[in-house]
Amino acid sequence: MTTTATIRMARTEDPTPNTFGARLRSAFAMFRNAKSITGLAILGFFVLIAIFADVLAPFSPTQVDNTARFQPPSAEHWLGTTHIGEDVLSQVIHGTRGVIVVGFLAAIIATIIAIVVGVVSGYVRGWKSEGLSALTNVFLVIPGLPLIIIVASMFEQPPLVLIAAVLGITGWAWGARVLRAQTMSLRNRDFIQAARANGEPLRRIIAVEMLPNLMALIAASFVGTVTAAILGLTTLSYIGVIPVNTYNWGTILNWASAQGAFRQNQWWWYLPPGLCIAAIGVALSLINFGIDEYVNPRLRSAGERARAMKKKGLDVNDAVTVVRAPASTRRTASKDSTA
């Protein structure tokens, strides 16, 4: 009777139930370390700026003030003005929206394609798997930026959605390769074999059994694609492929370069968008480092060990770690020395 009650209590008090929701929460545990939280906070700051750009910007980005040309930062214009009196802060705030929209839209497109192609090609066998793998290899060697330049030249004013679509279509192959390799490792696991023996359909095996275990790799692929898309957008805008009337940080740098702001040391025009690009790059890198620390067992154990040492008041960088003996051992040692 006691044994039966104990077993029932153990079952009811199981802290890690084997359900889809529990596995999904465990999959997103990669965002709970300090690096990921810091990166998400910085990225969330830029997302909020993009959403509320119309409210936060003190002026319209195209509003001209002929009495304040090339004005350095002041109480009225916090980041100065351009050569025709446009407020730089307002342009940077409105430019954030284009960067965020293109980065996330391109990453969503690329991640969806990578999941479909990578997971399916890793799970199925035969000519289907080889055909999808060959398709991935083809897209691996397609240069993204030259293709975008060709596509953009076909339009007088190419929309940002088109740029994001091209960046996403040309940026999914690396993520698909990684997901295919991991899926090939997962398809022979016991829980996958059990689901297959129970007659589960392919879509359920992939959606319920595999995707929660691939969430860390999917998140890393998504973050990497966002980084590449933002750098691609700002690069294309800076070299003039994207029309200058489409606001983002790259077009601001293009205007500053064309009007000689670099030569005349008008730092308030080119430095803020450059710092924004660097800040969002740091945020995405921190998120990626946090995911890598969660996925890599060595990095995870090293991080846990370092945090445990800091809690005990020990210096992680010490070459020799001081071993603290228990109080009873120290008292015994002192009595022996006295005797």
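The set of residues from segment 118-131 being at pLDDT below 90 and aliphatic (A, V, I, L, M) comprises just one member, V124.
Those helices (runs of 4 or more DSSP H) of segment 102-214 in which at least 1 residues are under 22 Å from the mean Cα position of the chain (by Cα), considering only elements entirely within it, cover 127-140, 144-153, 160-169, 173-186.
Comparison of M184, M210 shows that the only residue that is surrounded by 21 or more Cβ atoms within 10 Å (Cβ to Cβ), over 30 Å from T246 (Cα atoms) and not aromatic (F, W, Y) is M210.
The residues of segment 227-272 that are hydrophobic (A, V, I, L, M, F, W, C), outside any helix (DSSP H, G or I) and open to solvent by 10 Å² or more (accessible area, probe 1.4 Å), listed by number, are I239, V241, V244, F262. Looking only at residues in segment 150-173 that are of a type in the set (V, I, T) and surrounded by 15 or more Cβ atoms within 10 Å (Cβ to Cβ), the one that is nearest to T246 (Cα to Cα) is I163.
The values are calculated or read from the model by the stated rules, or taken from the named source; none is laboratory data. Please read all numbers here as calculations on a predicted model, not as lab measurements. Reconstructed Cβ throughout: ideal geometry from the backbone, glycine too, with neighbour counts over all protein chains shown. The accessibility values were calculated without ligands, DNA or RNA, using every heavy atom of the protein model including side chains. Shrake-Rupley method; radii C 1.70, N 1.55, O 1.52, S 1.80 Å.
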